[in-house]
Amino acid sequence: DYQLGNTEITWTGLENYRTLVFNSDFLASLGHTCLYALLTVPSAVFIGLMLALLVERVKVGRAAYRAIFFLPVASTLVAMAIVWKYLLHDTIGPLNLLITSLGFDAIPFFSSPDWVMVSLAIIGVWQLSGFNMVLFLAGLSAIPSEIQDAATLDG
């Protein structure tokens, strides 16, 4: 237990961790983190693999596709947060304008507890998929062409 400017340090042992484990706010945060990871990680890996398989088959413009799909990874987090906040805004966001023009009610993406986790998970998947794609492309490029030819012949 230490406060900045204090000359004394009080040893608390594992008391801070014991307090944390029985704190309902911490347990709720841990649950939200686990849910976010369960929504984001498998989806981003699957979409990254699908993108890598698609980009690997493209003959013309392969480098452009790699750059486009890797762009969310290379972009700054603050810039992307501003863009997503605008796109999913409750009243002026283009996505909600499209939804309301089709006759449906606007979706409160960031102001509703029911929608915020889904919205953040979609943004997380969008950001992570490009990185996973690059990893899978590196693995796919390491496969010898003889193996791919044999697999094509075998069906």
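The values are calculated or read from the model by the stated rules, or taken from the named source; none is laboratory data. Note that the structure is predicted; figures quoted are calculated from it, not measured. Using ideal geometry, Cβ is built from the backbone for each residue, glycine included, and neighbour counts are taken over all protein chains shown. Only protein heavy atoms, including side chains, enter the accessible area calculation; ligands, DNA and RNA are left aside. Shrake-Rupley method; radii C 1.70, N 1.55, O 1.52, S 1.80 Å.
In a Gaussian network model over the chain where Cα atoms closer than 10 Å are linked, find which of Leu128, Leu27, Leu88 has the largest mean-square fluctuation. Highest fluctuation of the listed residues: Leu27.
Dipole orientation for the chain: of the candidates Gly61, Val73, Ile9, Gly61 has the Cα lying most toward the positive pole (charges on Cβ; Lys, Arg +1; Asp, Glu -1). Summing Lys and Arg as +1 and Asp and Glu as -1 over all other residues whose Cβ lies under 14 Å from the Cβ of Ala52 gives a net charge of +2. Of interest is the spacing of the C-alpha centroids, which for region 1-47 and region 129-152 amounts to 38 Å. Just checking the listed ones, Gly93, Gly103, Gly130: in the Gaussian network model of the chain with Cα springs under 10 Å, the one fluctuating most is Gly103. Counting every alpha-carbon pair across the chain, the share separated by more than 19 Å comes to 71%.
Here's the picture: a label point sits 7 Å out from the Cα of Met117 along the beta-carbon direction, and within region 6-34 the residues with their amide nitrogen under 17 Å of it are 24-34. Annotation: per residue accessible area for region 1-126 equals 75 Å², rounded to a whole number [probe 1.4 Å, protein chains only]. Can you compute the label reach from Leu87? Point 7 Å from Cα along the Cβ direction, backbone N cut-off under 13 Å, restricted to region 124-144. Backbone N within reach: 124-130.
As a calculated quantity, the FRET efficiency between Ala138 and Ala37 at R0 = 22 Å, using C-beta atoms, amounts to about 0.40. Relative contact order of the chain, taken over Cα pairs closer than 8 Å and 6 or more residues apart, is 29 percent. When a/c is below 1.5 the answer is rounded, else prolate if a/b is larger than b/c, else oblate, so apply that to region 58-108 with a ≥ b ≥ c taken from the square roots of the Cα gyration tensor eigenvalues. Cα axes put region 58-108 in the oblate bin.
Dividing the summed helix terms, -39500 (n - 2.57) for each DSSP H run of n ≥ 4, by the number of residues in the chain produces a 222 nm estimate of -24000 deg cm²/dmol to the nearest 500.
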